[in-house]
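See below for the structure under consideration.
The values are calculated or read from the model by the stated rules, or taken from the named source; none is laboratory data. Please read these numbers as outputs of a predicted model, since none were measured by experiment. All Cβ positions, even for glycine, are placed from backbone atoms using ideal geometry, and neighbour counts span all protein chains on display. To get the accessible areas, we keep the full protein, side chains included, count just its heavy atoms, and leave off ligands, DNA and RNA. Shrake-Rupley method; radii C 1.70, N 1.55, O 1.52, S 1.80 Å.
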Amino acid sequence: MPAFRDAVRNELRRPAAVRLFNGEWHKLHVVEVKNPALRSSEGKSIAELAAAAGHDPLDVMLDLALSEDLDTTFTALLLNSDEPAVSRLLTHPHSSIALSDAGAHLTFFCDAGFGLHLLGHWVRERAIMPLEAAIQN
């Protein structure tokens with residue numbers, strides 16, 4: 001389906017503020033592959049894989065997924081990916097650390113691990129605040 005791929009590539013060339021993904025291939029990672037021969041792809045971004053292969057990132061992602069009958073697991077860090085900015089937000093004295101969209105999208109996602117991410121990533125790994133402050137917030 002070259003026409004489909006070309007259409008997607010053309011759309012991504014025109015970034016849109018209302019679209020979550022605008023071709024930031026370094027933010028899209030392979031989490032798990034089905035084929036053991038492809039294990040070296042796990043943990044790498046699509047940008048890394050594309051650069052190593054000398055291919056277009058869209059083709060790399062689609063070819064990988066299709067080669068595994070769509071059993072490849074990908075993850076994308078699309079929102080709040082500017083860690084210094086998020087760090088400032090989390091430590092601002094008037095911030096309240098919480099997660100809610102008032103239940104508007106319950107069928108679309110589950111961010112149940114955000115509390116553990118706060119403790120593991122922001123407290124332990126990045127050390128932006130003491131454990132007590134994270135628990136209090």
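Some observations on this one:
- Rg/Rg_globular for the chain, with Rg_globular taken as 2.2 N^0.38 Å and Rg from C-alpha atoms: 1.27
- Mean residue ellipticity (222 nm) of the chain, computed from DSSP H runs ≥ 4 via -39,500 (n - 2.57), nearest 500: -9500 deg cm²/dmol
- C-alpha center-to-center spacing [segment 17-55, segment 112-129] in angstrom: 24
- Sequence of Phe114, Phe21 from largest to smallest accessible area, 1.4 Å probe: Phe114, Phe21
- Unit charges at the beta carbon, dipole of the chain: most positive-side option, His26, Leu58, Met1: His26
- Tensor-based shape of segment 5-57 (alpha-carbon gyration tensor, a/c under 1.5 rounded, otherwise prolate or oblate): prolate
- Cα-only Debye scattering, segment 40-101: base-10 log of I(q)/I(0) at q = 0.30 Å⁻¹: -1.33
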